[in-house]
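Here's the structure, in structure tokens; my notes come after.
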Amino acid sequence: MARYATIIGTGRYLPDWKEVTNDELRARWDERFPGVVDKWEESTGILRRWYAPRDWATSDIAVRAAQAALDDAGVKPENVDLIRLGTDTPDYITPATSVVVQHKLGAVNAGSFDIGCACASFPTGLSAAAGYIATNQAYRYVLVIGVYMMSKFADPMDPVAFIYGDGAGAAVLADDDEPGFVSSAFLADGSYYDYWGIFVGGTAEPVTHKAIDEGRHQVRRLKLYPPEVNHVGWPKIVRTMAERGKFALEDIDLVLFTQVRLPSIKVVMEDLGLPLSKTHWIMVDWGYTGSGCLAMCFDDARRKGKVKSGDLVLFVGSGVGYNQAGAAFRMP
């Protein structure tokens, strides 16, 4: 009998330790960078973001989202077979953050590993988890987590910090005899590797006093991505999944995109010929939660009644590097 992977539960965690409004950022930056907050607000649609306590690590946010997803699925931590965690704000360079989460969650029988393709990590994790379940009977429950805590890596006087919010989302996948996973697609362009990132602390440039004094151990946007990266890449991912999954664009019930720029989502939905009612966004009130945003957006859409049994849902993510990934699922 064929085995398929289906999403049986989701959860999210939005920390409420500190709400940072755009007015607070105006007070911080307007003297040095007049009008910069207004420009970012217009460009992204973001009005506020939330930070976790400063003594928390990324794993602390991830565990809360993971437990919420397990509760939703009715699965105990000890029954999880595998944890796949996507983030570009890890607890440590090594060990992997997923193994810290495995311990804190009490998933004593689970293996774990991290996914390192930035904000494309969640759909990448969903696709890989579906493959594990379909091809190996040892895997019944796979937990996929996306989590982001870039506020700790950001320079508070760098206006790019406007977008960063903390948060995590998770999904539980299980085996089923009816197709859940439909198709996936991936794109990459490594020529953008030096545009945006945390460039100090790895083997390319280990941490030095000079690097810290210059603030280069923090996240930096060094070059501007052309808007076409997403405006062309996202529709291509969607159309590739439709071709591979043998469905028409009009068959899509909900398509979710990386939650960083609301205007980009509107451009892409128009390109696809889909109404805005077939997407969902959360960045307005939660900020850009990076690797966690797609899982958080999907959980929010579910809880607001926008996802029904039988719906065809697409996840499309993109992240620095440049990575893009998509996963299509039929809801149970």
Pulled fully out, how much extra length does the chain show between D177 and V160, if you take 0.36 nm times their separation in residues and subtract their Cα-Cα distance?
1.5 nm
Where in the stretch 79-102 does the amide nitrogen come within less than 15 Å of the point 7 Å from the Cα of N109, taken along Cα to Cβ?
79-83
Highest-MSF residue in the chain out of R216, R32, R303 [GNM, Cα springs under 10 Å]:
R32
Scale the Cα Rg of the chain by the rule-of-thumb value 2.2 N^0.38 Å and send over the ratio, two decimals.
0.95
Give me the distance between the Cα centres of the stretch 220-253 and the stretch 282-332, rounded to whole Å.
14 Å
Per the helix-only model, the chain has a calculated mean residue ellipticity at 222 nm (DSSP H runs of ≥4, -39500 (n - 2.57) each, divided over all residues, rounded to the nearest 500) of -9500 deg cm²/dmol
Two-site label geometry, Y195 and R3: point separation in nm, points 7 Å out along Cα→Cβ
3.8 nm
For the stretch 4-178, inverting the pair-averaged 1/r of distinct alpha-carbon atoms gives a Kirkwood value in Å of 17.0 Å
Semi-axes a, b, c in Å (a largest) for the stretch 182-330, each sqrt of 5 times a Cα gyration tensor eigenvalue, come to 32, 17, 13
Just tell me which lysines come within less than 19 Å, Cα to Cα, of K76; anything on the same chain fewer than 8 places away is out.
K104
Step through the table entries K236/K266; K266/K306; K18/K152; K39/K278; K236/K278; K278/K308, compare each Cα-Cα distance with 20 Å, and write down the pairs that go over it.
K39/K278
Cβ-based exposure ranking for L14, L312, in which fewest neighbours within 10 Å come first
L312, L14
Ordering of 169-178, 44-53, 17-26 by burial proxy (mean other Cβ atoms within 10 Å per residue, highest first)
169-178, 44-53, 17-26
If I model a spin label at D253 and N22 as a point 7 Å from the Cα along the Cα→Cβ vector, what separation in nanometres do I get?
3.4 nm
Just to be sure I understand: with springs between alpha-carbon atoms less than 10 Å apart, which residue in G317, G74, G305 has the highest mean-square fluctuation in the Gaussian network model of the chain?
G305
Which whole-percent values make up P(r) of the stretch 137-179 when all C-alpha to C-alpha distances are grouped in 10 Å steps starting at zero?
23, 30, 20, 16, 11, 0
Sequence order, the stretch 233-238: Karplus ³J(HN,Hα) from phi using 6.51 cos²θ - 1.76 cosθ + 1.60, θ = phi - 60°, Hz rounded, Gly and Pro as x, gives x, 5, x, 5, 4, 4
Aspartates and glutamates within cross-link reach of K223: Cα-Cα under 12 Å, excluding same-chain residues under 8 positions apart?
D194
Most mobile of V320, V255, V232 per a Gaussian network model of the chain (Cα springs, under 10 Å)?
V232
Under Stokes-Einstein, with the Kirkwood radius over Cα pairs standing in for Rh, what whole-number D in µm²/s applies to the stretch 168-263 at 25 °C and 0.890 mPa s?
142 µm²/s
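Laboratory data are not the source of any read-out in this text; all were calculated from the coordinates shown. Keep in mind that this is a model prediction, so the values were computed, not measured. Cβ atoms come from the backbone with ideal geometry, glycine included; neighbour counts cover every protein chain shown.
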